[in-house]
Amino acid sequence: MWRKSSYSGPDGNCVEVAFLIDGNVAVRDSKADGRGPVLAFARGEWNTFLAGLPGAEFRRR
């Protein structure tokens, strides 16, 4: 089941996330309407990514 943020605007341009049965996490762009590429991450990789968000570790420079 794909999920997107409740903060997503009405135009639907956002990232969707699915938690897979095997423990991995899938990510896709909602604009592609299910037809675009999907990135898959191990649960540990996803947790590391989430941990870096509050500190702005991924901010553009």
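None of the figures in this text is laboratory data; all of them are computed from the coordinates on show. Predicted model only: the values in this text are computed from it and were never measured. Cβ placement follows ideal geometry from the backbone for every residue including glycine, while neighbour counts extend to all protein chains displayed.
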Find the relative contact order for the stretch 12-61 and round it to a whole percent, using C-alpha pairs within less than 8 Å whose residues are 6+ positions apart.
26 percent
Footprinting proxy, Arg59, Arg28: sorted fewest to most Cβ within 10 Å, the residues are Arg59, Arg28
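Could you compute Rg(Cα) / (2.2 N^0.38 Å) for the chain, with N its residue count?
On the way: Rg = 12.6 Å, N = 61, 2.2 N^0.38 = 10.5 Å.
Rg over 2.2 N^0.38 Å, computed on Cα atoms: 1.20.
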